Amino acid sequence: MNAPERKTAMHTQQMTYAEAACLALREKMRADARIVALGEDLGRGGVFGQYRGLPQEFPDRIIDTPISEANIMGAAVGMALAGLKPVVEMRVIDFALCAMDEIVNQAAKNRYMFGGQGRVPLVARMPIGIWSASAAQHSQSLEAWFAHMPGLVVAVPGTPADNYGLLKSALDSGDPVIYMEHKELWGLTGEVTVGSEVPLGRANVLTQGGDLTIVTWSRGVSLAVQAAASLGKAGIAAEVIDLRTLWPWDRETVFASAVKTRKVLVVHEAVQVAGFGAEVAASVAEHVGCKVARLGAPRIPVGYAQVLEDESRLSAAKIEAAARNILK
Amino acid sequence: MVLPVPQQRLLDLYRVMRRIRAFEDAAETASQGGVAAWGLAENATPAKVRGPLHLSTGQEAVAVGVCANLVRKDLLTSTHRGHGHTLAKGADPARMMCELFGRATGYNHGKGGSMHIADFSVGMLGANGVVAAGIPIATGAAHALKLRKQPNIVACFFGDGAANRGPFLEGLNWAQVYQLPVLFVCEDNRISATTPTGPMTAGKGVSARAKALAIASEKVDGNDVEAVDAAAARLAAQVRAGGGPRFLHAVTYRFKGHVSVDPGSYRDAREVETAKQSDPLLLARAKLLERGVPAAAVDAIDGEAGQEIAAALATADAAPWPQASAAYEDIMNTVTGAWR
């Protein structure tokens, strides 16, 4: 991607999900010298091209690291305490499991445990999701683990526009943000309003409808919109809500839709058991008291062969079937 | 009284060691009668220090000898046994004692206790409940200092047990790869919680591991505060000059159990008694007297430390408890009223 012109006025531009993140980080790094990025293979622009061009523009601030996930994350905590705003690249979320002490015990708890003496404004990018034929250790969606953890913000962008706007907000949050891009969305093209920001904790209502509410995020977003279009042809009006951030999550928008439709289906690619869908469904049941249902992956590791992988995959057809089921 | 420079330096080091010893002794006493984590007898009055207390009694010379070579803006990461490091870096004993007592006026407003004692204002970035967890944080802090072209260094304290955790290797490698201003200090008390470290550690020990990464190291008697001071002075100067990381291996001994309620009966009593012959305070005192410093001058320091810590205890005893509402402070309030 060529370096965009610096403009103060907003304008729209077509770009991919990866380019959107790259542009957001470039803008923020130009504006704030405290922002650095560190991780494996960043020197060549990141394994998914999501840092393309940045090593050339910021040779001292894009830091290629050893394969040392624990130290990458721990160093980011130390950098933050010493005045920087680090962006951490974990490559895939599965590798972030090598840095769980640094995320959970160090980054998430620092501000609270030390009584507010310090802040840890780091953004940990850890791509999630099924990535064709990548099997059990490169395909997980673990957003619920981090939503469970006090002290962390959790962002799960599902479109280029949100990957641009949410990454910018994440860099401004002042607290550690677990930022989960989906590996099968890197090439997704969409319109981005350059200069915009997407606030943390604000859902996006993608389609309006009165028959049921579909709450989803990340890879589920475009599939739910497809399912809603198909349902629409059959005269069923689905309201699709993209949460965009899981903590904080936009309860008000979801509850308002639930009051209207009285039927809420939560859809995510992660394993359904103890997934974040359970939190959404239970909250809706407690506060609105309407019918709720969940659609997530079965509790199996992601398999390699296509036929096995498909068992764990979301699809528009599966979402449509689940929607029809809740309407029965 | 004007003393020659070497005597005055030793007296100054002794003063900080004595402050730490007095603090540890007072905290230990205040933890007697029950530590909540191990359960309290029925009708027992909870101790004033109710949480796990990892005492650095006997290890004072390492903290003091190293920190004597740091300036206020230098940074420090510590271990779960961090009172000595915190005091040696310049923290206020009264605010520390308030934190141990769980009071609102403690450094962490009662949110951390002994295991998370910290004073960021003097560059002390925190004790840590996880072995070796301070090492990556120290490398990152040093990385930031280097990127921001600041003239300061980071002292990274860890125990002998930490050398068997992965972040030890990752952190030492990182500091050497990026030539970062870190002084690694292995405070080797020879025991990992309640298990001797030696039989659990392959090869020739921690220094050999540093040498394998081409990090220059020095081994020193960690009970001899002058030896620690001298070695730390050499190594800190090299780090400060931009020479990359250095490694100090200071061998000492933990006088107490792993925590204050642990009598340490798994150790040979003779070993403990022998180790106490090398009490860093006794060694320093003997040197001072030998060099003509009047006993009264040394005794006066002991008395001052006792008074200072007695005052810290009184302050902590009188300090207010946190409000329950403070449980919801120092964390983002991202969903108003929806903490559960």
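Kindly check whether there is at least one residue in the range B:110-119 that is farther than 23 Å from B:ALA162 by Cα and assigned to a loop (DSSP other than H, G, I, E, B). Checked against the condition, which is being farther than 23 Å from B:ALA162 by Cα and assigned to a loop (DSSP other than H, G, I, E, B), the range B:110-119 yields at least one hit.
Of all residues in the range A:34-42, one or more are within 14 Å of another protein chain (Cβ to nearest Cβ) and more than 22 Å from the chain's Cα centre (by Cα). Answer yes or no as to whether B:ARG103 is more than 9 Å from chain A (Cβ to nearest Cβ), open to solvent by 10 Å² or more (accessible area, probe 1.4 Å) and either of a type in the set (Asp, Glu) or not in a loop (DSSP other than H, G, I, E, B) (or both). The answer is no for B:ARG103. The residues in the range B:106-131 that are at the interface with chain A (Cβ under 9 Å from one of its Cβ atoms) and farther than 15 Å from A:TYR112 by Cα can be counted, and the count is 2.
Every residue, every condition in (1) within 14 Å of chain B (Cβ to nearest Cβ); (2) among the aromatic types (Phe, Trp, Tyr); (3) open to solvent by 20 Å² or more (accessible area, probe 1.4 Å), yes or no:
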| residue | (1), (2), (3) |
| --- | --- |
| A:GLY158 | no, no, no |
| A:ILE178 | yes, no, no |
| A:SER196 | no, no, yes |
| A:LEU200 | yes, no, yes |
| A:GLY232 | no, no, yes |
| A:ASP250 | yes, no, no |
| A:ALA258 | no, no, no |
| A:ARG262 | no, no, yes |
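If you check A:ASP211, A:ASP172 for being charged (D, E, K, R) and either open to solvent by less than 40 Å² (accessible area, probe 1.4 Å) or assigned by TED's automatic domain parsing to the domain that holds A:VAL120 (or both), only one passes: A:ASP172. As for the range B:177-192, it holds at least one residue that is more than 9 Å from every other protein chain (Cβ to nearest Cβ) and among the hydroxyl-bearing types (Ser, Thr, Tyr).
Quick check on B:LYS149: is it under 18 Å from A:ARG119 (Cβ atoms) and among the charged types (D, E, K, R)?
Here the answer is no, as B:LYS149 does not meet what is asked.
Going through (1) open to solvent by less than 10 Å² (accessible area, probe 1.4 Å); (2) touching a Gly at 6+ places or on another chain (Cβ under 7 Å); (3) farther than 23 Å from B:LEU10 by Cβ one by one, B:HIS80 falls short only on (1).
Within the range B:140-150, restricting attention to residues that are assigned to a helix (DSSP H, G or I) and within 8 Å of another protein chain (Cβ to nearest Cβ), the residue that is most open to solvent (accessible area, probe 1.4 Å) is B:LEU147. Of all residues in the range B:260-287, those that are closer than 15 Å to B:ARG190 by Cα have Cβ atoms under 6 Å from Cβ atoms of residues that are surrounded by 11 or more Cβ atoms within 10 Å (Cβ to Cβ), 6 or more apart or on another chain, in B:GLY264/B:GLY257; B:TYR266/B:THR194; B:ALA275/B:TYR253; B:SER278/B:ASN223. Among the residues of the range B:66-77, which ones are under 22 Å from B:GLY140 (Cα atoms) and open to solvent by 20 Å² or more (accessible area, probe 1.4 Å)? B:ASN69, B:LEU70, B:VAL71, B:ARG72, B:LYS73, B:LEU75 - these are the residues of the range B:66-77 that are under 22 Å from B:GLY140 (Cα atoms) and open to solvent by 20 Å² or more (accessible area, probe 1.4 Å).
Residues are listed down the side, and each one gets a yes or a no for (1) open to solvent by 30 Å² or more (accessible area, probe 1.4 Å); (2) in contact with a helix residue (DSSP H, G or I) (Cβ under 6 Å, 6 or more places away or on another chain); (3) assigned by TED's automatic domain parsing to the domain that holds A:VAL120:
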{"residue": "A:ASP41", "(1), (2), (3)": "yes, no, yes"}
{"residue": "A:ILE63", "(1), (2), (3)": "no, no, yes"}
{"residue": "A:MET73", "(1), (2), (3)": "no, yes, yes"}
{"residue": "A:MET79", "(1), (2), (3)": "no, yes, yes"}
{"residue": "A:ARG91", "(1), (2), (3)": "yes, no, yes"}
{"residue": "A:ASP94", "(1), (2), (3)": "no, no, yes"}
{"residue": "A:MET100", "(1), (2), (3)": "yes, no, yes"}
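Residue-by-condition table, conditions (1) more than 14 Å from chain B (Cβ to nearest Cβ); (2) crowded, with 18+ Cβ neighbours inside 10 Å; (3) in contact with a Cys (Cβ under 6 Å, 6 or more places away or on another chain):
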{"residue": "A:TYR112", "(1), (2), (3)": "no, yes, no"}
{"residue": "A:GLN117", "(1), (2), (3)": "no, yes, no"}
{"residue": "A:LEU122", "(1), (2), (3)": "no, yes, no"}
{"residue": "A:MET126", "(1), (2), (3)": "yes, yes, no"}
{"residue": "A:TRP131", "(1), (2), (3)": "yes, yes, no"}
{"residue": "A:ALA135", "(1), (2), (3)": "yes, no, no"}
{"residue": "A:SER139", "(1), (2), (3)": "yes, yes, no"}
{"residue": "A:GLU143", "(1), (2), (3)": "yes, yes, no"}
{"residue": "A:ALA147", "(1), (2), (3)": "no, yes, no"}
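The single residue among B:ILE153, B:ILE137 that is β-branched (Val, Ile, Thr), closer than 14 Å to B:ALA175 by Cβ, touching a helix residue (DSSP H, G or I) at 6+ places or on another chain (Cβ under 8 Å) and at the interface with chain A (Cβ under 7 Å from one of its Cβ atoms) turns out to be B:ILE137. With respect to the stated conditions, A:SER218 fails to be of a type in the set (S, T, N, Q) and on the phi < 0 side of the Ramachandran plot.
The values are calculated or read from the model by the stated rules, or taken from the named source; none is laboratory data. Keep in mind the model is a prediction, meaning the values are calculated, not measured. Ideal geometry is used to build each Cβ from the backbone, glycine not excepted, and the neighbour counts take in all protein chains shown. Accessible surface is based on the protein model in full, side chains and every heavy atom, while ligands, DNA and RNA are left aside. Shrake-Rupley method; radii C 1.70, N 1.55, O 1.52, S 1.80 Å.
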